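Notes to accompany the following structure.
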Amino acid sequence: MKTKIMLISVLTAGLVAPVVGDVQVDFSRGRWDPAQWIIVKSPRLDYCRGFTQRDGWIENICPDVSAEEVFKKHNNLVYSGMVYKDRFKTGACISSKMGFDYRMAPLIVIAPELGRSADGRPEFREHWEIVLYDRGLNVWHHYMTDGGKPAWYKAASLLLRPEDIYRPNLRHELKVKISKNGKGLRQMTVTCGDYVLQYVDNALPDEFYAGILGCEGRNMFYDFSAAYK
């Protein structure tokens with residue numbers, strides 16, 4: 001296996017994008033175009049980082065220490081996030097095959113819009129994090145307070161048996177779909193293997209950016225797709 005590391009950094013001149021149809025991305029080395037993605041920072045953190053390229057996947061940027069040490073000593077320093085440059089709309093199924101080395105926490109992110117930090121870098125405002133971790137699935141709703149401060153709460157969760165979630169070299173396919181139920185209310189359906197988490201939240205957007213985040217531990221992402229089937 002090649003061990004050369006490439007840091008992926010993508011900037012964008014504008015933060016308003018058209019809505020597109022189906023997208024399929026393979027994160028293997030040389031199989032995808034970083035220019036199709038926007039690296040986005042968290043409003044809670046000062047840094048903005050892309051991903052490390054491996055032969056068959058990408059991973060969030062982490063120090064070269066054990067997976068346990070990454071989680072226990074560096075968990076607030078390994079945030080890497082990016083979204084596809086174009087937006088998607090209600091009805092799209094967003095999915096990614098992913099894995100993690102220790103306990104957490106690879107995720108799919110959706111955001112109705114992006115902002116900019118004080119120094120001009122793309123930055124999340126309101127967004128939803130759909131998280132896979134060693135005990136199940138969480139959906140976190142992040143938003144900005146009236147005073148412009150980031151805040152968040154757990155909107156939904158599903159606890160699973162740890163043996164179903166984490167084993168060495170195990171890949172999971174996480175799927176997220178925003179749709180409307182029979183009463184016209186927006187709902188999110190999250191699928192991972194045989195498990196399904198669904199909840200209603202009319203604050204969910206009709207149009208949104210979608211992408212991936214790696215945080216807290218060492219996370220691997222093998223692909224990304226959006227499909228309107």
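Report, by residue number, each residue of the stretch 159-181 that is at pLDDT below 95 and either farther than 26 Å from Lys97 by Cβ or assigned to a strand (DSSP E or B) (or both).
Hits for the stretch 159-181 are Leu159, His172, Lys180, Asn181.
Name the one entry in Val190, Val200, Val196 that is surrounded by 12 or more Cβ atoms within 10 Å (Cβ to Cβ), among the aliphatic types (A, V, I, L, M) and touching a Ser or Thr at 6+ places or on another chain (Cβ under 9 Å). Before the answer, list the steps.
Working: Val190 fails: touching a Ser or Thr at 6+ places or on another chain (Cβ under 9 Å); Val200 fails: touching a Ser or Thr at 6+ places or on another chain (Cβ under 9 Å).
Answer to the check: Val196.
Which of the numbered conditions does Gly120 fail, given that it passes all the others? Conditions: (1) closer than 21 Å to Lys175 by Cα; (2) without any contact (Cβ under 8 Å) to a residue 40 or more places away in the chain; (3) surrounded by fewer than 22 Cβ atoms within 10 Å (Cβ to Cβ); (4) of a type outside the set (S, T, N, Q).
For Gly120, the exception is condition (1).
Can you tell me which residues in the stretch 34-52 are among the polar types (S, T, N, Q) and either touching a Gly at 6+ places or on another chain (Cβ under 9 Å) or within 17 Å of His142 (Cβ to Cβ) (or both)? I'd like the intermediate steps shown before the answer.
In the first step, residues of the stretch 34-52 are kept if they are among the polar types (S, T, N, Q); the result is 36, 42, 52.
The answer is Ser42, and nothing else.
What's the number of the only condition in (1) surrounded by fewer than 19 Cβ atoms within 10 Å (Cβ to Cβ); (2) assigned to a loop (DSSP other than H, G, I, E, B); (3) aliphatic (A, V, I, L, M) that Ala151 fails to meet?
The single condition Ala151 does not satisfy is (2).
Only one of these conditions is not met by Gly184: (1) in contact with a strand residue (DSSP E or B) (Cβ under 9 Å, 6 or more places away or on another chain); (2) assigned to a loop (DSSP other than H, G, I, E, B). Which number is it?
Failed condition: (1).
Looking for something hydrophobic (A, V, I, L, M, F, W, C), under 20 Å from Ile212 (Cβ atoms), in contact with a strand residue (DSSP E or B) (Cβ under 7 Å, 6 or more places away or on another chain) and outside any strand (DSSP E or B) - is there at least one such residue anywhere in the stretch 121-128?
First, pick out the residues of the stretch 121-128 that are hydrophobic (A, V, I, L, M, F, W, C): 124, 128.
If we keep only those that are under 20 Å from Ile212 (Cβ atoms) too, we end up with 124, 128.
If we keep only those that are in contact with a strand residue (DSSP E or B) (Cβ under 7 Å, 6 or more places away or on another chain) too, we end up with 124, 128.
Narrowing further to those that are outside any strand (DSSP E or B): none.
No.
Give me a count of the residues in the stretch 200-221 that are within 17 Å of Ile178 (Cβ to Cβ) and not in a loop (DSSP other than H, G, I, E, B).
Of the residues in that region, 7 qualify.
So the check is Cβ under 7 Å with 6+ separation or different chains; which pairs have a first residue in the stretch 30-41 that's among the polar types (S, T, N, Q) and a second one that's at pLDDT 95 or above?
Hits for this filter: Gln36/Tyr84; Gln36/Lys85.
Would you point out the residue of the stretch 83-110, among those that are hydroxyl-bearing (Ser, Thr, Tyr) and under 19 Å from His141 (Cα atoms), that is modelled with the lowest pLDDT?
Thr90
If Glu216 meets every condition in (1) modelled with pLDDT under 95; (2) of a type in the set (Asp, Glu); (3) surrounded by fewer than 19 Cβ atoms within 10 Å (Cβ to Cβ) apart from one, which number is that one?
(3)
Can you name every residue in the stretch 189-201 that is in contact (Cβ under 8 Å) with a residue 24 or more places away in the chain and under 15 Å from the mean Cα position of the chain (by Cα)?
Val190, Cys192
Write out, first by first residue and then by second, each pair whose Cβ atoms fall under 9 Å of each other, whose residues are 6+ apart or on separate chains, and whose first residue, in the stretch 67-78, is of a type in the set (Gly, Ala, Ser) while the second is part of a loop (DSSP other than H, G, I, E, B).
Ala67/Asp101; Ala67/Tyr102; Ala67/Arg103; Ala67/Gly217; Ala67/Arg218
The values are calculated or read from the model by the stated rules, or taken from the named source; none is laboratory data. Bear in mind the structure is a predicted one, so any value in this text is a computation, not a measurement. All Cβ positions, even for glycine, are placed from backbone atoms using ideal geometry, and neighbour counts span all protein chains on display.
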